[in-house]
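Below is one structure, written out as structure tokens, with a few remarks after it.
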Amino acid sequence: MNRQVDFLPYIFFGVAALHLLTLGLPSVNLEFAFADASKYFINGDGKLLDQYFKYQANTIALPYLGYLVSKVLDVEPIYALRLLSTLGLYLIVLSVRKIAIFLKLNLSLALYLVLMLNPLVWTYAGRATADIFPASIALLSISICCCQSARWYRGLVSGMLFGLACSLKYHSIVLMPLIFLLLCSEKKWREILIYFCVFAISAISVVSLFIFFVFKKYGFFLAPPMYQQIHGMSINNPLNNFFGYAGFLLLLAVPFSFLPNLRAFKKKTASVYGILILFCFICFLSGYFFLKNTGELDFGPLDRWLSPQVASGLLSMFVFAGVFSLYTQIKIGESEKTKILMVVGVIVFLLVLSFTRPAQRYLLFVLPFIYLIVNAELLKVKSISFLFLIALMSSNVFIAYSQWSTGVASQGMVNFLVSNNMLHVTDPGDIESHVGNFFAKNNQGTCMYKVISGRSSNSLYTSESPYFLGKKSYSLIPMK
């Protein structure tokens, strides 16, 4: 155990160094909104804040932190925000380690590396968005809260951190039931209630102060009015969203969520596996025809090759395969009581979020707990461990390349429009989420051109990334 703890920081710093190499990648997926909002606190330009509220339903807490870091380090806000995300990766690893010690779990170094290289974690650990850093603060709060000594000041400090996490991203509050269940696994009821009350009051106080400040300064509470309906509670598709969330979470936990532990794997007969494969196929068809993506449960750069129906079918299949695999790994008994409570907490988290617009990045809050739940015996087989780590690293290289390709093609289109004085009469269309800050707030009726993905026969100009593999293209077409 000591040898693993000694080597863990070196593994993290190796992964962090890889993220530093990608620090200069082009801005994509609304990073510009956060970076420009940080600039508002530098120059006081109200248009930058209006732009942020136009594109974001997140709070202004992270842009303000980005401003503070950029001021201290004397770097551009986008780099400051990306560094905060990489810091969030460290806090997640630290928090998972502390929670594992509290739960008396001996996690291998390979499992920590798998967590750090998980495509969802890898992607957002290098992005200037309000995703991994708020999740990491929430996990840090939980790791402090779940210490052996239930002293009131620990509840106070962890509660304040949790309040900060909720202020950065209010989805954090949905972790409260999971925190309570974790406390129930080790402490007596009287201690639980006192400790949890101190924690909750401290967190609520921090959030209340933040909400008061924002309302006094900007005139709204949690989100700008134009986003309250989009991201508000909805009873239209909660069951659909829950299965989508569950499938995506279990997909992210591959191979642990797909293959049972080795002992169970060896004991199964061919006929049993035939039945399992049949059920997987039935689940795939069910998702293909009935499961709908009502938000952002997408596969990123892979979406260009996967139809929405196939993606939904895969998610549905992973729900069945993942539940079966976890069932074989968690045996009902006192020794597994904590894992069962964590499963319940994760399910509650997914159920609550299913009443809002789904997005895969919200799973950052609970994905680390999946690694605490699963049986990682597969990683003891060196060949499996090596091949899986190679697969993770390859997928992350592809993700980084896709980000670069998308950013280069988007910026190329902007450069063409600027040089030809066409920016003010162009609808950014498919590049708006990457370079929307370059475009004036035009009335749609005044736009003469629009940018679309891919090549078009009636394109006036096509901007492409320079390499063939995974090439990204955008075309400028006249509006009808």
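Neighbours of residue 452 by Cβ distance under 11 Å: Lys/Arg scored +1, Asp/Glu scored -1, total 0. Solvent-accessible area of residue 184, all protein chains in place: 30 Å² (probe radius 1.4 Å, heavy atoms, ligands and nucleic acids excluded). Solvent-accessible area of the chain (1.4 angstrom probe, protein heavy atoms only): carbon and sulfur portion equals 67 percent.
So which aspartates and glutamates pass the test for residue 337, namely a Cα distance under 12 Å, with those fewer than 8 places away in the same chain ruled out? Qualifying aspartates and glutamates at Cα under 12 Å: 186. Computed over the alpha carbons of the chain, Rg followed by Dmax gives 23.2, 72 Å. The number of Lys pairs in the stretch 1-130 with C-alpha atoms less than 24 Å apart, excluding pairs fewer than 8 positions apart on the same chain, is 4.
Suppose all protein chains stay in the model; what accessible area per residue would a 1.4 Å probe give for the chain, in Å²?
On the way: 22760 Å² over 480 residues.
Per-residue value: 47 Å².
Calculated mean residue ellipticity, 222 nm, the chain: -20500 deg cm²/dmol, from DSSP H runs (n ≥ 4) at -39500 (n - 2.57) each, averaged per residue and rounded to 500. On C-alpha positions alone, give me the angle between the axis of helix 61-73 and the longest principal axis of the chain, in degrees, nearest 10. Approximately 80 degrees, to the nearest ten. The Cβ shell under 11 Å around residue 244 holds other residues with a net charge of -1, Lys and Arg each +1, Asp and Glu each -1. Nearest 10 degrees is fine. How inclined is helix 152-168 to the longest principal axis of the chain, computing both from alpha carbons? The answer is roughly 30 degrees.
Measuring only protein heavy atoms, the 1.4 Å probe finds residue 288 accessible over about 80 Å².
The values are calculated or read from the model by the stated rules, or taken from the named source; none is laboratory data. Please read these numbers as outputs of a predicted model, since none were measured by experiment. Using ideal geometry, Cβ is built from the backbone for each residue, glycine included, and neighbour counts are taken over all protein chains shown. Note: accessible area is taken over every heavy atom of the protein model, side chains too, but ligands, DNA and RNA are not part of it. Shrake-Rupley method; radii C 1.70, N 1.55, O 1.52, S 1.80 Å.
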